[in-house]
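Here the structure comes first, spelled out in structure tokens, and everything after it is commentary.
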């Protein structure tokens with residue numbers, strides 16, 4: 001089995017962040033919040049119920065590892081060509097899948113372009129996924145740019 005690329009972990013942490021930590025919390029626990037797309041989230045982008053208890057950064061790391069493992073499995077199921085591509089390309093699409101969900105990848109033109117190994121068209125498709133809650137989110141524009149950079153980078 002292919003391991004989750006460290007680059008995907010780094011992307012998820014960078015763009016999700018460890019949010020909603022009250023200044024007076026000695027454990028530095030993160031509390032659930034509604035993300036810009038309207039979902040209840042805790043830690044590093046882990047979807048949860050509104051009444052989820054606060055979690056420590058260590059607990060958030062465990063959730064992230066589980067969530068990225070799920071995203072990796074879905075990515076390889078829908079884009080099997082990525083199993084033989086560079087770690088950067090795999091990491092870019094694992095991060096996309098983690099961020100938007102396997103269902104979005106499964107039904108996308110992005111999936112078709114990746115499986116055709118058309119990296120320029122894949123990058124163009126990736127850049128289209130910048131909406132959350134019906135509006136362009138600047139954070140998603142930056143995230144898709146980072147993923148696109150990895151996708152287009154020459155193989156190692």
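The values are calculated or read from the model by the stated rules, or taken from the named source; none is laboratory data. Note that this is a predicted model, so its numbers are computed, not measured. Here the Cβ positions follow ideal geometry from the backbone for every residue, glycine too, while neighbour counts run over all protein chains shown.
Residue 68: within 24 Å of residue 5 (Cα to Cα), touching a residue at least 12 places away in the same chain (Cβ under 8 Å), within 12 Å of the chain's Cα centre (by Cα) and part of a helix (DSSP H, G or I), yes or no? Judged against the criteria, residue 68 is a match.
Let me confirm something: among 82, 76, which residue is in contact with a helix residue (DSSP H, G or I) (Cβ under 9 Å, 6 or more places away or on another chain), crowded, with 21+ Cβ neighbours inside 10 Å, in a helix (DSSP H, G or I) and at pLDDT 95 or above?
82
If you go through the stretch 1-21 and keep only what is touching a strand residue (DSSP E or B) at 6+ places or on another chain (Cβ under 9 Å) and not in a helix (DSSP H, G or I), you end up with 18, 19, 20, 21.
Determine whether residue 146 is within 19 Å of residue 9 (Cα to Cα) and surrounded by fewer than 19 Cβ atoms within 10 Å (Cβ to Cβ).
On the way: within 19 Å of residue 9 (Cα to Cα): yes; surrounded by fewer than 19 Cβ atoms within 10 Å (Cβ to Cβ): yes.
Judged against the criteria, residue 146 is a match.
Among the residues of this structure, residue 119 counts as one that is surrounded by 15 or more Cβ atoms within 10 Å (Cβ to Cβ) and either farther than 23 Å from residue 67 by Cα or in contact with a strand residue (DSSP E or B) (Cβ under 7 Å, 6 or more places away or on another chain) (or both).
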